[in-house]
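The values are calculated or read from the model by the stated rules, or taken from the named source; none is laboratory data. What you see is a predicted model; the values in this text were computed from it and never measured. Cβ sites come from the backbone with ideal geometry, for glycine too, and all protein chains shown count toward neighbours.
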Amino acid sequence: MSAEQMSIAGEWCDAEDGATAEILNPATGEIMATTPKATLGDVNRCVDASRAAFNDSSWKNMDPAQRGRILNKMAQATYAKAKELAVLESNNNGKTFREALSEIRFGAWTLEYFAGLSDKIEGSTIPVPGNRLNYTLRQPLGVTVHIIPWNFPLQLALRSIAPALAAGCTVIAKPASWTPLSLVAWAKAMEEAEVGLPTGVLQVITGSGGLIGDALAGHKGVDGIVLTGGVPTGQAVMAKASENLTPVTLELGGKGANIVFKDANLRYAAKAICFGIFMNAGQMCWAGSRLIVHEDIHDELVDAVVAEVAKWKVGPGMEEGVRIGSLVHRNHRTEVMEKLHAGLAMGGKVVCGGNIVEGDGAFMEATVVTGVDSQNLLFNEELFGPVLAVTSFSEDAEALALANDSPFGLLNGIWTNDLSRAHNMARDLESGMVSINEYPITFPQTAFTGWKQSGIGIEQSQDALRFYTKIKNVNIKL
């Protein structure tokens, strides 16, 4: 068991009062490490250091191309440490090593992508009446706080850290209290690689989300807040941020639907449907947790999904051949099972799974429930676990209505070989992202964004950079 520290003001340190939290391996229940439980004094020290680093011209006024070179060094250091970080991620989060390695490499790719954009943040000249020159500057937002979730601990940290640094902001990263280890290890790796970040530009603070996350969200010294998490957490952070009119980017929950029409490639769709709900044990905001399938192919597709997931071995993420790892914590598994049972009391039939896997870990069987109507909580609520709810339809309009009958709007999938149907559905689906004939899919250069209760703002892509800059208009009378 290791005793980890947090990074504040260029130093690795313990909490002000020495308090620590135990970090578990959810596959075994064993204690892996301890991390500091930061105090409010630690928060203030962290924000002060971030402000000092921002006000120091060595970062925000650095040649943007040089900032890009530093991000490229960070990307290369991340690639170099990817396997080591993936082992840590798998053990701390419960996911498979294969998934963890892929996600960390995606994080490195994200650093590369924003490295290339750092010197392309441009203002504009604006034609105005009279003998004047009018132009805009895009300047760094300032001190940014990044509240990271536990389901993709390092990838989703890098997703927002990369554009913030590219824009010239300073970063305070707060990992989830259950899964802080990979981000702490990554920050150490960046220091060891001597990438060139000035002191205080990147800090990692660990501890209670309720205490530390709340204090950071409501801090007067913070200029922007980025959160990935559940809707209640997003609402709480937004409420605290509103006290200082601090802008927020919120990537929240989802209840994605895969809509499968009669002309779809069912064998390929079945594999992707399994990937979209059972990867990471279903603990994904963009999970395809609803399957809306044409009644004529309902039984055939359900049989194909059940046959496919039967091949997916459940077990410790570092074990050879495992496709579904542990859920992140036994407490979370309890919540998933409670929602599953409450939904089954409202209707539906379990055609595979439905049980916990006995033992020391937080494992659960991949579960498929058919006959789920739109009033069932399995159709409406985000379980954040390996549970697929299946609903049938007869007409295209009914499929669209079912897909849109959700408080969420993150990612939806369409499965059809009819080009007109695909484009019309993509246009009319009420979600920030739509994927046709594959699921799920994203890239650093494509916007990751949700509608309705799935969030506010945009992660990834050039659009993400706009959050980390502020516009200044300059008018000159010539």
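Laid out as a table, the results:
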| read-out | value |
| --- | --- |
| Single match in Gly196, Gly234, Gly210 (criterion: under 29 Å from Ala33 (Cβ atoms) and at pLDDT below 95) | Gly210 |
| Residue match in segment 256-270 (condition: buried (at least 17 other Cβ atoms within 10 Å of the Cβ), in contact with a Gly (Cβ under 6 Å, 6 or more places away or on another chain) and of a type in the set (A, V, I, L, M, F, W, C)) | no |
| Segments classed as strands (runs of 3 or more DSSP E), wholly inside segment 385-478, with at least 3 members that are among the basic types (Lys, Arg) | 469-477 |
| Unique match (being touching a Cys at 6+ places or on another chain (Cβ under 6 Å) and of a type outside the set (Ser, Thr, Tyr)) among Ile205, Ile161, Ile225, Ile148 | Ile205 |
| Count - residues of segment 278-305 that are under 30 Å from Leu156 (Cα atoms) and of a type in the set (A, V, I, L, M) | 7 |
| Among the residues listed as Ala166, Ala86, Ala100, the single one being small (Gly, Ala, Ser), closer than 19 Å to Pro26 by Cα and in contact with a Phe, Trp or Tyr (Cβ under 7 Å, 6 or more places away or on another chain) | Ala86 |
| Checklist (1) touching a strand residue (DSSP E or B) at 6+ places or on another chain (Cβ under 8 Å); (2) on the phi > 0 side of the Ramachandran plot applied to Glu251, failing item | (2) |
| Residues that are under 22 Å from the mean Cα position of the chain (by Cα) and either among the small types (Gly, Ala, Ser) or farther than 24 Å from Asp263 by Cα (or both), drawn from segment 380-402 | Asn380, Glu381, Glu382, Leu383, Phe384, Gly385, Pro386, Val387 |
| First in segment 98-122 and over 30 Å from Met279 (Cα atoms), second anywhere and outside any helix (DSSP H, G or I), Cβ under 6 Å, 6 or more apart | Ile121/Arg138 |
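To keep it simple, each residue is scored yes or no on (1) out of contact with any helix residue (DSSP H, G or I) (no Cβ under 8 Å at 6 or more places or on another chain); (2) of a type in the set (Lys, Arg); (3) farther than 23 Å from Gln283 by Cβ.
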| site | (1), (2), (3) |
| --- | --- |
| Thr20 | yes, no, yes |
| Ala75 | no, no, yes |
| Glu103 | no, no, no |
| Phe106 | no, no, no |
